[in-house]
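Read through the structure below, which is laid out as structure tokens, and then see the notes.
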Amino acid sequence: MPDDITPEPSAASPEPTSIAVSSPQTIAAAQPQSAPDPQKPTTPPSMDFNAVVPIEFQNKPYMKEVDSFDKLFKDFDNAQHLIGQKSFEVPKADAPEEEITAYLDKVRPESADVYELPETEYTKKFGRDEEFGTQMKGLFQKAGLLPHQAKILTEGYDAALFGKANEMAAGAEGQAADFEKMADGHFGGDKDAKLKIANEILKENTPDAFKEYLGNLPNESLMVLSAVLNNVADKYMGEDKLNIGGKPAGADPAAIQEEARQLMASPEYKDFRHPKHDATVARVNELYGQVGSIKK
């Protein structure tokens with residue numbers, strides 16, 4: 001073969017085609033990702049949330065409902081939000097009226113219906129006036145009381161009222177017993193008849209403007225008045241004039257006393273807020289003006 005002969009170039013070989021090899025990460029990245037469930041706690045399933053909570057915080061009251069990182073950060077965010085609201089700071093005792101009003105506007109319930117008046121010893125015995133209860137709820141709301149505060153106030157008020165009612169009832173019963181004892185000592189066996197005479201004269205001759213005061217007279221004054229009126233009746237009045245406006249024949253002399261006692265034990269008499277309180281007190285006073293009265 002001659003030396004000057006150069007071999008012809010062969011046809012160009014095609015460029016090798018590169019083959020992309022997909023790694024597992026590449027394949028995963030190419031797949032559509034599903035959105036996380038916002039309702040599902042964000043604590044990883046393989047991790048026990050309570051196990052990562054420091055011991056000194058595990059038994060704190062505010063951690064009772066915290067069972068995931070999601071709940072932890074939500075509570076933390078809420079706490080920070082409240083800390084930043086300076087308008088919720090409790091005004092000082094000498095704070096301006098407008099500052100106190102602004103605070104109450106923030107904390108007072110939107111409706112008085114949130115208040116529930118508790119059952120107490122007082123209400124068990126005397127009941128609770130519905131209209132008065134509604135008025136109290138309105139005042140609680142106006143004052144900016146929380147339901148818990150209103151409950152404490154109501155229970156305390158009812159307890160004081162119950163004690164006062166029992167004190168008044170015991171006092172009235174004691175006063176009636178003392179008067180009976182005094183009348184027995186002065187009139188003896190004629191007590192009922194003598195008191196009947198005094199009662200008839202008082203009822204017929206006492207001006208209306210002063211009748212309400214008769215029941216408020218001390219026992220000693222009533223006893224003196226009864227004795228004087230009986231002496232006047234014996235000396236100056238005929239028997240036919242002593243039954244004016246009296247009880248009908250056959251009336252039980254103890255019935256009037258019993259009626260007075262029953263009225264004094266009633267809610268109308270003991271509860272000054274009751275719509276019939278004034279009328280009941282007036283009736284009791286009238287009955288005490290008829291103490292021991294009987295048919296002559």
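The values are calculated or read from the model by the stated rules, or taken from the named source; none is laboratory data. What you are looking at is a predicted structure, and each value in this text was computed from that prediction instead of being measured. Cβ coordinates were reconstructed from backbone atoms using ideal geometry, including for glycine residues, and neighbour counts include every protein chain displayed.
Miscellaneous remarks
- Count of the range 137-166 residues which are in a helix (DSSP H, G or I), surrounded by fewer than 18 Cβ atoms within 10 Å (Cβ to Cβ) and aliphatic (A, V, I, L, M): 6
- Meets criteria (part of a helix (DSSP H, G or I) and surrounded by 15 or more Cβ atoms within 10 Å (Cβ to Cβ)) for LEU202: yes
- For LEU217: the one exception among (1) part of a helix (DSSP H, G or I); (2) among the hydrophobic types (A, V, I, L, M, F, W, C); (3) at pLDDT 75 or above: (1)
- When the range 157-182 is filtered for residues that are of a type in the set (Gly, Ala, Ser) and modelled with pLDDT of 85 or more, the ones remaining, listed by number, are ALA159, ALA160, GLY163.
- Single condition LEU117 does not satisfy, out of (1) of a type in the set (A, V, I, L, M); (2) outside any helix (DSSP H, G or I); (3) loosely packed, with under 12 Cβ neighbours inside 10 Å: (3)
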